Amino acid sequence: MLPLFNDTILLDRIPIRVSTQAIRNKDYFHFHRRIQLCFLLSGKMKHTICGKEYIQQAGSCAFLLPYMPHLMDSSESEDTPILAHIWFHEDFLKSYGYNFLSYGDYANFNGHKIPTMCDFQNQGDAPARIIHELINEFAREKNLSLKRLAELIAELFSLACTEPMAVKKDSLFEKQLKGIETSADYIQSHFRENISLDELCEVSGMSRRSFTHHFKRITKLTPVQYMLSVRLQTAFKLIMEKKLFFDEIAKRTGLGSRANLARVFQKNLGTTPTQFVDEYIKNTTHFHEQSIYSRYKWLYDLKFDFNNN
């Protein structure tokens, strides 16, 4: 079984959550629907992310995008490692004006690729200071400042992205990246409508050939797949709220009719909306590993062999 840590419930009240955890022996493979930062405050542990093993030391941080399976293992450490967890959605940073993108297994902050693991060995005590301020700010409850929390996360990303990807040194690519970001934002704002490829090309300021090439290159999805992922994610949210009939959900997600909603669910998730309610909402913390590939292939290719781990 590959459990889902249901952080959506944790983020109902505010768009970010900060907590600490002591890791004793092996945690089990799981994933989150939100972006998660795992900063090791003390100790040492093995952290397996998407099948790749990292030795995480105190002062290091793992940057986990949605649906990235990971396993924390402290069995090789003399001390009990203490982790700080930060969960948030990318819209949290965008709402405060930060240029942050996350698609598939790729994340970008201000033109720099965010590494999966960063040990901050050349950054002094600045990263630990940021994490402790995040913890303290979140603990203030009624007086917490969401703007300050966003500033601190952006500051941590800036420290992690000290070396830009070579391809991003090309000013032309910077322009293309901005165009894809604009078109992705446009899709997220107009997914209920029938958006044409020409419309997206006009929004991005690119030709058809350039737009389709760079959209797939940056997002790891075609424009149609990206549109579908936005519609399905919206359908998930509406279904979990349990306030609307399937006919209304289909209309609000741009899928038109209940029959089309059912067809899209069957094709992409291998289940009907009704079965999704029974299997997903009633058992939100458990998924069979084989269903991860079929249900979320349009969001993230796990590239992980569950049978040998």
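What number results when the radius of gyration of segment 170-219, computed over Cα atoms, is divided by 2.2 N^0.38 Å? All intermediate terms of the calculation are to be shown ahead of the outcome.
Working: Rg = 10.3 Å, N = 50, 2.2 N^0.38 = 9.7 Å.
Computed over Cα atoms of segment 170-219, the ratio equals 1.06.
Got a sec? How would T212, T253, T274 order by Cβ neighbour count within 10 Å, fewest to most?
If I rank by nearby Cβ atoms, fewest first, I get T274, T212, T253.
Once amide H atoms are built 1.01 Å from N in the peptide plane, which residues 5 or more positions from M117, or in another chain, come under 5 Å H to H?
Long-range HN contacts for M117: F63.
Could you tell me the extents of segment 194-237's C-alpha atoms along the three principal axes, largest first, rounded to whole Å?
Extents along the principal axes, in whole Å: 34, 21, 11.
Nearest 0.05, what FRET efficiency do N136 and S95 give at R0 = 22 Å with Cβ-Cβ as r?
0.50
Considering the convex hull of the alpha carbon atoms of segment 4-160, report its projected area averaged over all viewing directions, in nm², one decimal.
8.7
Find, among the GluC sites (Glu not before Pro) in segment 174-255, those assigned to loop by DSSP (not H, G, I, E, B) with at most 12 other beta-carbon atoms within 10 angstrom.
Sparse-neighbourhood loop GluC sites (Glu not before Pro): E193.
Taking θ = phi - 60°, what integer Hz values does the Karplus form 6.51 cos²θ - 1.76 cosθ + 1.60 yield along segment 125-138, in sequence order, with x for Gly and Pro?
9, 4, x, 5, 4, 4, 5, 5, 5, 4, 4, 5, 5, 5
State which entries of K113/K216; K243/K267; K94/K142 exceed 20 angstrom in Cα-Cα distance in the structure shown.
In this structure, K243/K267; K94/K142 lie more than 20 Å apart at Cα.
State, to one decimal in nm², a quarter of the convex hull surface area for the C-alpha atoms of segment 39-90, i.e. the direction-averaged projected area.
3.6
Fewest Cβ neighbours within 10 Å first, please rank S145, S204 accordingly.
S145, S204
Give me the dipole magnitude in Debye, nearest 20, for segment 4-160 about the Cα centre, with unit charges on the beta carbon: positive for Lys and Arg, negative for Asp and Glu. Please report the intermediate quantities before stating the final value.
Values: 16 positive and 18 negative charges, 68 e Å.
It comes to approximately 320 debye.
Where a number appears in this text, it was derived from the coordinates with a stated rule and is not lab data. Note that the structure is predicted; figures quoted are calculated from it, not measured. Using ideal geometry, Cβ is built from the backbone for each residue, glycine included, and neighbour counts are taken over all protein chains shown.
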